[in-house]
Amino acid sequence: MKTNVRVPALLVALLLLPGCLSGIVDEIDDVVIWEMSPSGEWPQLSLGERTRTTPTLDTYDDCTVLLEDLKDALWEQTLVEIDQNAYWNWASPMIGGGWMVDDMVMDGAVAEQSVVADGGSNSGGTAPSSSGGEDRSGTYSETNNQESGVDEADFLKFDGNHFYMINNNHLVIIGVPEHGNVTLVSDTELEGQPLQMMKEGDSLVIISSINSWNIPDSDPLRTLMQTEDGNWRSSNLVKYTVIDITNRSDPNVGREIFIEGSHETARMVNGTVRSVSHMWSYIPGIQTYPSLPNDYWDEENWENRMNLWNASVEDLIDENLAVFGQLTLDDFAPQMHQRNSDGTISSYTSGSGDCSEFSGSTDGVGRGFTSIMTVDLLSEEFSSEVDHIASAWVEVYASGDMLVLAEPANDWWWFWRNNNYEDATNIHAFDISVEGETTYIGSGRVTGTVQDQFSMSEYNGDIRVASTTDSWGRWWLTEGGEWEVIEPANHITILGNDGAGVLDEISHLGGIAEGERIWSARFVGDMAYLVTFRNMDPLWTIDLSDPENPTILGELEVPGVSTYIHPLSNGDLLTIGLPGGEDGLGLDWSHTQISMFNLSDLTNPSLADTQQLSPGYMDGDCTSIRYCGWTWSYSEATYEHKAFTYWEAAGLLAVPLSTHRYVYDTIDIDGRTYSYSGYEYVSKLMLIDVDLDNRTLSLHGEIDHSTFYNGGDGVSGWWGSDTSVRRSVFMGDYVYAFSGAGVSVTSYADMNTTSLLELPGYEPSDPYYYESSVAEPEGDGDWESEDENSSSSEDKPPEEDG
């Protein structure tokens, strides 16, 4: 990461005494570390004062300074956790509970692959195996990205001629030889759990998660990941696999790069991929609960018991200090590895000797790192750089010119016995307008917490942020010790770059929908749209055309809630969410609701139409869909916008919908009665007509993938993987639906299926059979004979003719 500004480093103050951690070892005996709680009933550590300072990121130029900052911050957190355990040990019995212990609180090897020239139950010919084919640009829907020109990583990508799909641990390439047809081109097995990918030209970057426990004993990575006490430096690795797909029927695995942590998200602008991951460092040897002597539990005198506790905690602090004295930068910082062509591993923590790729704010340094991997897919050597930011988990937004990270201003432990601060979020901005480079711009702070990427936006260089204060209801801050929840409130803040590393507040609009919290947000040009919810769903229209004076224009209350907002070309909004409950309040989880809002008058928004959807169906035994045994109406599109596909050219919206229920029944065959049980799955893609002229919604049809998951008798065993349709793509006059078991192609004009393809990487579940009197059916259900003479597990219902 390049930086345009330099800010003097401010070392984190220690809790026990001022100065650096290295001075504690000799001086701790002279420091008063204990004080009584305000009520005088239990001991607590003297934690000192914690203040909130600047959010600006300081780029390090000295690895020694970085290490001291990391150790200081970890020491603060360790003392807080020790103090929390003292509270739970002493305060809990007095509150009325039992004794509690806080629990809180590069050239690489070629992956195994099997190449398929053609396959599936389609009726068409073989797709081209090379990157050739007709130019179909503009004839198909693409990933539903938040911003134009910013591609978001997903497990499905399409270039007009081939689909590239991650299915469990398989990279499946599916050809489209002509509209309405699909064929399997190749199947490549990948290491770990592939999550998302980016594509540019003839290159793919596959982003995978590798659980440390699952690394084979023979893999040199396992030794590198394990700590001396048998735990793991990080529970996960993020793997980046660069794959050459010039020949689609024979993908070639190239560089394999690993970085410690968990994948968050990735964006691609002009061929440059920026992937964000986060690592929480496990430090062996650090303990936060004291080792108590045996006579502690037998001691009945309260004062004597407390003295034993305090002495044990002081011993614990000494032991932790000894561990801290041995810590190095390698114990904290995310390590990177590359698998070489001979199977060996090359490892490194820092790409430079001065730690200039590390940065952090004064309050943000801790045991967590957010890493930004920048990979230029357009360069011949796939050049890359990595930057590490000391921070908590972040929300990520990107425009064509700017990457924005939103992180809590302080980690959870910082608020312990430090109640004079509201929740706040640090906003870090980076310039990504230059290919292959990520340059730090500056940082600012907004009140409250940020829900997701749609709560942020860059517009004309300014950053707009929607946030909610007290969304977690800090009841302990109320006066008089009453357990009264502090009500949330919502805010719009606009930040501007002062050119010196600071994002100054241009304006702030607060007090929006007090008592509710933001469920969805969308910034569109000069407007902001918020959906807040408690018992009803207010839609707010907010004018941001004057950044110094944001203004609420209108509000509309309707039952239910919208969880995703999609702008339409006529200025209206299309949303997905949940309808209101039976009395108009609360939520009805048995249905999914599509809504269209008329914004022709921004001061008076209105609900134009709604369409309620349910994947289940009614039997003769139930009078309402809610009471037919279905678990819920589940649609990934309610929380994952990439599952929401609106194709304006056809006036159609596609959203997945699924549910399941437990089934038990009997069947009589040849005078014998058999009982069977299992699960019935419903997996559909719903198509909704969106009429912009008349502002109406109507059900167009549905594409059913249920037969991929239910046996011949309509039931199956429990599936460990997802049975839902997860993505859809429109091309020409067809819609392509993707679930874990297969792909279907449907002509949306007449809703006829033109092609089906079963996918590799999907393994059917084995049904559960009863231990006694079990008879196996033809299908996948569980059968049990009710004939007392039929006790053999080998008995089966006789096959029926036809």
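The values are calculated or read from the model by the stated rules, or taken from the named source; none is laboratory data. Note that the structure is predicted; figures quoted are calculated from it, not measured. Virtual Cβ from ideal backbone geometry, glycine too; neighbours counted across all protein chains shown. Ligands, DNA and RNA are excluded from the accessible area calculation, which covers all protein heavy atoms including side chains. Shrake-Rupley method; radii C 1.70, N 1.55, O 1.52, S 1.80 Å.
Taken over the stretch 297-341, the residue count meeting the criterion of being surrounded by fewer than 16 Cβ atoms within 10 Å (Cβ to Cβ), part of a helix (DSSP H, G or I), over 45 Å from the mean Cα position of the chain (by Cα) and not hydrophobic (A, V, I, L, M, F, W, C) is 3.
From ASP202, ASP187, ASP219, which residue is open to solvent by 10 Å² or more (accessible area, probe 1.4 Å), out of contact with any strand residue (DSSP E or B) (no Cβ under 8 Å at 6 or more places or on another chain) and charged (D, E, K, R)? Step through it out loud before you land on a result.
Values: ASP202 fails: out of contact with any strand residue (DSSP E or B) (no Cβ under 8 Å at 6 or more places or on another chain); ASP187 fails: out of contact with any strand residue (DSSP E or B) (no Cβ under 8 Å at 6 or more places or on another chain).
After ruling out the rest, the residue left standing is ASP219.
Considering only residues of the stretch 602-630 that are open to solvent by 60 Å² or more (accessible area, probe 1.4 Å) and of a type in the set (Ser, Thr, Tyr), which is nearest to LEU653 (Cα to Cα)? Among those residues, the one meeting the criterion is TYR617.
One residue stands out in the stretch 343-364 among those that are β-branched (Val, Ile, Thr) and modelled with pLDDT of 80 or more: the one that is most open to solvent (accessible area, probe 1.4 Å), namely THR344. GLU557 meets the conditions (1) assigned to a strand (DSSP E or B); (2) at pLDDT 95 or above; (3) more than 17 Å from ARG695 (Cβ to Cβ); (4) open to solvent by 20 Å² or more (accessible area, probe 1.4 Å) in every case but one. The failed one is (2).
Residues that are under 30 Å from ALA398 (Cα atoms) and not polar (S, T, N, Q) do not occur anywhere in the stretch 323-331.
Among the criteria (1) over 18 Å from the mean Cα position of the chain (by Cα); (2) over 22 Å from HIS162 (Cα atoms); (3) of a type in the set (S, T, N, Q), the one ASN236 does not fulfil is (1).
If you scan the stretch 261-281, which residues turn out to be polar (S, T, N, Q) and open to solvent by 10 Å² or more (accessible area, probe 1.4 Å)?
SER262, THR265, ASN270
All told, ARG517 falls short of being open to solvent by 10 Å² or more (accessible area, probe 1.4 Å) and in contact with a helix residue (DSSP H, G or I) (Cβ under 6 Å, 6 or more places away or on another chain). Going by the conditions given, is THR659 β-branched (Val, Ile, Thr), under 24 Å from the mean Cα position of the chain (by Cα) and open to solvent by less than 30 Å² (accessible area, probe 1.4 Å)? Criteria met by THR659.
Listed here are the residues, each with its yes/no results for (1) open to solvent by 10 Å² or more (accessible area, probe 1.4 Å); (2) acidic (Asp, Glu); (3) at pLDDT below 95; (4) in contact with a Cys (Cβ under 6 Å, 6 or more places away or on another chain).
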residue: ASN710; (1), (2), (3), (4): yes, no, yes, no
residue: TYR734; (1), (2), (3), (4): yes, no, no, no
residue: ALA737; (1), (2), (3), (4): no, no, no, no
residue: VAL745; (1), (2), (3), (4): no, no, no, no
residue: MET751; (1), (2), (3), (4): yes, no, no, no
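Quick one: in the stretch 234-260, of everything that is not in a strand (DSSP E or B) and not small (Gly, Ala, Ser), which residue is surrounded by the fewest Cβ atoms within 10 Å (Cβ to Cβ)? Filtering first and then ranking leaves THR246. From the list PRO284, PRO293, the lone residue that is open to solvent by 10 Å² or more (accessible area, probe 1.4 Å), at pLDDT below 90 and out of contact with any strand residue (DSSP E or B) (no Cβ under 8 Å at 6 or more places or on another chain) is PRO284.
Yes/no matrix, rows are residues, columns are (1) of a type in the set (Asp, Glu); (2) at pLDDT below 95:
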position	(1), (2)
ILE486	no, yes
ILE492	no, no
GLY499	no, yes
ARG517	no, yes
ALA521	no, no
LEU530	no, no
ASN535	no, yes
ASP546	yes, no
ILE565	no, no
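Given the criteria surrounded by fewer than 16 Cβ atoms within 10 Å (Cβ to Cβ), assigned to a loop (DSSP other than H, G, I, E, B) and either in contact with an Asp or Glu (Cβ under 7 Å, 6 or more places away or on another chain) or modelled with pLDDT under 55 (or both), does GLU800 qualify? Judged against the criteria, GLU800 is a match. Just for the stretch 409-435: of the residues that are open to solvent by less than 20 Å² (accessible area, probe 1.4 Å) and assigned to a loop (DSSP other than H, G, I, E, B), which one is farthest from ARG50 (Cα to Cα)? Looking at residues that are open to solvent by less than 20 Å² (accessible area, probe 1.4 Å) and assigned to a loop (DSSP other than H, G, I, E, B), I get ILE432. The single condition among (1) part of a loop (DSSP other than H, G, I, E, B); (2) at pLDDT 95 or above that LEU699 does not meet is (1).
Filter the stretch 365-383 down to the residues that are more than 21 Å from CYS63 (Cα to Cα) and surrounded by fewer than 22 Cβ atoms within 10 Å (Cβ to Cβ), then identify the one that is modelled with the highest pLDDT. Write out each step before concluding.
Just the residues of the stretch 365-383 that are more than 21 Å from CYS63 (Cα to Cα), to begin with: 374-383.
Cutting the leftovers down to surrounded by fewer than 22 Cβ atoms within 10 Å (Cβ to Cβ) gives us 374, 376, 378-383.
Numbers: THR374: 92, ASP376: 82, LEU378: 65, SER379: 69, GLU380: 67, GLU381: 66, PHE382: 61, SER383: 67.
Among them, the one singled out is THR374.
For GLU582, the criteria (1) surrounded by fewer than 17 Cβ atoms within 10 Å (Cβ to Cβ); (2) part of a strand (DSSP E or B) hold in every case but one, which is (2).
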